[in-house]
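For reference, the structure discussed in these notes is given below.
The values are calculated or read from the model by the stated rules, or taken from the named source; none is laboratory data. Model, not experiment: these values are computed from the prediction. Cβ placement follows ideal geometry from the backbone for every residue including glycine, while neighbour counts extend to all protein chains displayed.
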Amino acid sequence: MNASRAALRIALFAPAAWLVGCAVEERVILLPEANGGPTSLAVRQGTHDVVLDHGYAAADLTAADPWRYEASADEVRKTFGDALAAQPMRAAHFTLYFNEASDDLTQDSRQALERMFADLDKRPVRDIVIIGHTDAVGSDEYNDALAKKRADAVKAMLVVRGVAQDDIVAIGRGKRDLLIPTPAGIAEPRNRRVEIVVR
Amino acid sequence: MLRPLVALSLAFAIPFANAADIGQIKVSKGTVTIERAGHSVAGSVGLRLQASDVVKTGSDGSVGITMTDNSLLSAGPNSVLALDRYDFDDVTSEGRFDASLRKGTLAVVSGRLAKQSPAAMTVRTPAAVLGVRGTEFVVRVGDER
């Protein structure tokens, strides 16, 4: 099935490449989304536009016009195996929550911290962004300082665990980005958090 | 009066931008070199990348890069990948990322830039411009015949 399709494809585009002469072989293949969701890629070749809109939709760009075809997992593996094998681990996101007005983690978040450490151990090199937040109780100045203190507390836990200082950026955003919007002065545990991106 | 304000805003801006770093090499196999401002440096694991860097792999090489917007770019052997332009605002997710694959193979998983705006990320090949609206794709540019 695959072999006959490949043969057909060659039969179709080889003459076109011949006409163009020294054309460079080019092709692009959209891959399916991991969660099966929608995806698309807009391909513009000169004045021609093609939209690839499903997994394995592909365009051959060797000739003057884009030539659409359906690729396969097999073709992707054969042609792009090395590139895909070099793909880094995806970024991971963690959220840790804090007790009111403090930089002490809640009990549940201590377990989340352990999950984060387990993720870190899988990465040969890390860069980590830590963003501290507060709830809406108190002044901007107070919350900016508290948010930074929380971010720094998480940074310190990572450094103790062996992560290099230079690989971590820790910042505080105070009460500017409330996860749960509330009026000023409302104590909301879900806003007292630190968001961490591990790359 | 203005100057302390500017200094203050810079002090806040620097942690977000993390100097001029736009990404980091996470995976490196075989021969990988980075061309930067007329010089060539070894593309080893951990190296931080800058806008305008050109990433090259040898016949035994492959490389994997994570950008600060969480997008992933990985190239197979005999590839030339230029990181032409990169601006990323870590707070708003706005900015622009233009890369080009001059030859070889490239696998892409787009990140926050493409998610924020379908016009924010493009990958160029010698023949085409790819506007990244979805998440994952692969592209190959063969050798000149």
Mind checking whether some residue in segment B:53-68 is farther than 20 Å from A:Ala86 by Cβ and in contact with a strand residue (DSSP E or B) (Cβ under 6 Å, 6 or more places away or on another chain)? no
Quick check, is A:Ala187 assigned to a loop (DSSP other than H, G, I, E, B), touching a residue at least 60 places away in the same chain (Cβ under 8 Å) and of a type outside the set (Phe, Trp, Tyr)? yes
Any residue in segment A:55-70 that is more than 29 Å from B:Ala120 (Cβ to Cβ), at pLDDT 80 or above and either of a type outside the set (A, V, I, L, M) or surrounded by 13 or more Cβ atoms within 10 Å (Cβ to Cβ) (or both)? yes
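Yes or no, residue by residue, for (1) part of a strand (DSSP E or B); (2) of a type in the set (S, T, N, Q); (3) touching a Pro at 6+ places or on another chain (Cβ under 8 Å):
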position	(1), (2), (3)
A:Ile131	yes, no, no
A:Asp135	no, no, yes
A:Ala153	no, no, no
A:Val159	no, no, no
A:Leu178	no, no, no
Which of the residues spanning segment A:57-84 are more than 14 Å from B:Val139 (Cβ to Cβ) and more than 8 Å from chain B (Cβ to nearest Cβ)? A:Ala63, A:Ala64, A:Asp65, A:Trp67, A:Arg68, A:Tyr69, A:Glu70, A:Ser72, A:Ala73, A:Asp74, A:Arg77, A:Lys78
Looking at segment A:39-48, which of its residues are in a loop (DSSP other than H, G, I, E, B) and either more than 7 Å from chain B (Cβ to nearest Cβ) or out of contact with any Asp or Glu (no Cβ under 8 Å at 6 or more places or on another chain) (or both)? A:Gly46, A:Thr47
Criterion violated by A:Glu33 - all others in (1) modelled with pLDDT under 95; (2) more than 7 Å from every other protein chain (Cβ to nearest Cβ); (3) over 30 Å from A:Arg190 (Cα atoms) satisfied: (2)
Do any residues in segment A:113-141 that are free of Cβ contacts under 8 Å to residues at least 24 places away in the same chain have Cβ atoms under 9 Å from those of residues that are assigned to a strand (DSSP E or B) and surrounded by 15 or more Cβ atoms within 10 Å (Cβ to Cβ), where the two are at least six apart or on different chains, and which pairs are they? A:Arg115/A:Phe94; A:Pro124/B:Lys26; A:Pro124/B:Val27
With respect to the numbered conditions (1) among the acidic types (Asp, Glu); (2) within 30 Å of A:Thr47 (Cβ to Cβ); (3) within 12 Å of chain A (Cβ to nearest Cβ), which one is the sole condition not fulfilled by B:Asp60? (2)
Mind telling me which of the residues B:Val108, B:Val91 ends up being more than 7 Å from chain A (Cβ to nearest Cβ) and outside any strand (DSSP E or B)? B:Val91
